[in-house]
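Input: a single structure, listed below in structure tokens.
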Amino acid sequence: MARVVVVTSGKGGVGKTTTSAAFGAGLARAGHRTVVVDFDVGLRNLDLIMGCERRVVYDFVNVIHGEANLNQALIRDKRVENLAILPASQTRDKDALTQEGVEKVLEGLAEDFDYIVCDSPAGIERGAHLAMYYADDALVVTNPEVSSVRDSDRVLGLLSSKTRRAERGEDPVKEHLIVTRYSPSRVGKGEMLSVEDVCEILSINLLGVIPESTAVLNASNAGMPVILDEKSDAGQAYSDTVARFLGEERDHRFLTDKKGLFSKLFGG
Amino acid sequence: MAIEIKGRMGTFMVLRMLTADTAEVLRQLDGHLSTAPDLLSGVPLVLAPADGLSVTAEMLRKVVLGLKERGFLQVGVTNVSESLASAADLGLMRNLAAPSREKPVAAAVAAGPAQVVSQPVRSGQQIYARGGDLVVTAPVSAGAEIMADGHIHVYNTLRGRALAGVQGATEARIFCTDQRAELLAIAGHYLLSDQIDPALSGISTMAWLKGDLLQIQSALNPGG
Ligand SMILES: Nc1ncnc2c1ncn2[C@@H]1O[C@H](COP(=O)(O)OP(=O)(O)OP(=O)(O)O)[C@@H](O)[C@H]1O
Ligand SMILES: [Mg+2]
């Protein structure tokens, strides 16, 4: 059975699309047939981050409206085998998605893929609701600051009440926390919440901590999921995150500031 | 056996009509519903026009229609004549002492079954234990709201709003093992977080009402 994984946050700009691209690429690299679906209709940018914006012909909305079939709309990644993306439409608005349409598309994808990663738009309105409705797992992306944590908390409430699993009284959506743009030095100065604080407030399982990293911007400029930049801290952190999701135990790296540690050691 | 007749105690709501302006009655009701949508839905309701209010069957019908549109279970009417009640097609409840506005009578702490919640109560969620106590064993987030007709117990961190005795039970109390609430209220008397002694933050506390003032103390150190 294909698993549907929604990447969601409530707050905008926290790293959902970055995470969707990296996570999808990581699952595919581990041998799982994976498709990343862009639910951000009207503001599509998953295709940009994955470097296939020039290959978009048909999109999610075309498929829902029966103007194209899934195979015409899916874009196979050129670097990673087993990876595809279903782009969003840039010209429509969020109302172009319907619940039945989304269900039909996900059912179609489930025939060919092991993982369906849904990149949610920001907010808690219709688009975000549709992105999470059919989820089996949720990656809740949070920045270590109060407003992002509050929005994630709100989203967790919706995951436990407004999803198909919740409505049918099935096993709840499995919730995983991903803290992104983490900067240990700023945590040290008290400018950001610590991972411990975030975990305590949200009380869900911590899947990964992604450091604030210039590699993310470089990768997105290059149209490449940052996880493929294996030398970068963010790439490694995403690799660990995917491995944990697939059941491996890995310690959390990047929780402390390298420079900070140095200066501590040498009395700097 | 075709039927079974059982006496059962239950909670019902009395809606006191203080004006003959039915539109205003419904408008104010909508105001209440917008802040607490769950507060009254599905509850049996008795309409009680205030003493001295000249009510007509037409007025009662209008209000009843409005109530039905808002999802209330209609039970009956009180404090009107039998002929008026039957003209409005409503059952008349006798011997129902409507609380007078002049000297409010404190409602007793509700004695219904407690509602137990073991899932986190998240920002934006609202839980209301009608007719009894509320016991929460998971965290209550900032931006969440928990309410009970009776006592509230939170065996975890309380960061949101907790309102006990929401139907007026001044005896209701709020207990929690890690108090960081945004607001604590009992029978409508409340304290905001910045009115709560910081020394009481992050510890087990109990809140109760002394006259009109909400009291909070460490639950581990009662008396002090
Ligand atoms: N770990 C990181 N380090 C540095 N920059 C990051 C990191 N993660 C994301 N960013 C940057 O943050 C910005 C927003 O990222 P992204 O588009 O992934 O967020 P989003 O949650 O999908 O936003 P939206 O809500 O608009 O869809 C981008 O400029 C991205 O490069
Ligand atoms: Mg995005």
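Laboratory data are not the source of any read-out in this text; all were calculated from the coordinates shown. Only a predicted model underlies this, so the values are computations on that prediction, with no experimental measurement involved. For neighbour counting, all protein chains shown are included, and Cβ atoms are generated from backbone atoms with ideal geometry for every residue, glycine included.
A few notes on this one:
- Cβ-Cβ distance of residue B:89 and residue A:168, R₀ of 56 Å, FRET efficiency by 1/(1 + (r/R0)^6): the value works out to about 0.90.
- Between the alpha-carbon centres of segment A:1-27 and segment A:176-242 there is a gap of 13 Å.
- On the beta carbon distance between residue B:194 and residue B:30, with R0 = 25 Å, the FRET formula returns roughly 0.20.
- Simple point charges give the picture: +1 on the Cβ of Lys and Arg, -1 on the Cβ of Asp and Glu, and for the protein assembly as shown a dipole about the Cα centre of about 360 debye.
- DSSP loop GluC sites (Glu not before Pro) with at most 11 other Cβ within 10 Å excluded, longest remaining stretch of chain A: A:1-80
- Low-density loop positions, trypsin sites (Lys or Arg not before Pro), segment A:1-104 - DSSP coil, at most 12 other Cβ in 10 Å: A:78
- Shape analysis of segment B:112-218 places it in the oblate category; the axes a ≥ b ≥ c from the Cα gyration tensor give an a/c of at least 1.5, with a/b not above b/c.
- Using R0 = 25 Å, the C-beta based FRET efficiency linking residue A:43 and residue A:214 works out to 0.55.
- Expressed to the nearest 5 percent, the antiparallel share of DSSP beta bridges inside chain A is 5 percent.
- Per-selection Kirkwood Rh - segment A:105-157 (Cα, Å, 1 d.p.): 12.4 Å
- Virtual spin-label span in nm between residue A:54 and residue B:69, 7 Å along Cα→Cβ: 6.0 nm
- For residue A:118, the amide hydrogen comes within under 5 Å of the amide hydrogens of A:5, A:6, A:7, A:37, counting only partners 5 or more places away or on other chains and with H modelled in the peptide plane.
- Label-to-label distance, residue B:82 versus residue B:111, with points set 7 angstrom from Cα along the beta-carbon direction: 3.2 nm.
- Each Cα pair under 8 Å and six or more residues apart adds its separation to the average, and for chain A the resulting relative contact order is 24 percent.
- Exercise: per-residue mean of other protein chain Cβ atoms within 10 Å, A:104-116: 0
- Peptide A:58-70 is shielded by partner chain Cβ atoms: per residue, an average of 0 of them sit within 10 Å of its Cβ.
- Calculated P(r) of segment A:1-136 - Cα pairs past 19 Å, %: 41 percent
- Alpha-carbon Rg/Rh ratio, for the protein assembly as shown, with Rh computed the Kirkwood way: 1.08
- Model label zone, residue B:18; criterion: amide N under 19 Å from point 7 Å along Cα-to-beta-carbon; scope segment B:177-215: B:187-190
- Dividing the summed -39500 (n - 2.57) terms of all DSSP H runs of n ≥ 4 by the residue count of the protein assembly as shown sets its mean residue ellipticity at 222 nm at -8000 deg cm²/dmol.
- Taking the DSSP beta bridges with both ends in the protein assembly as shown, the antiparallel portion is around 20 percent.
- Paramagnetic label zone (point 7 Å from Cα along Cα-to-C-beta, residue A:67; backbone N under 11 Å) in segment A:76-110: A:89-93
- Magnitude of the charge dipole, segment B:112-218, Cβ model with Lys/Arg +1 and Asp/Glu -1, debye to 20: 180 debye
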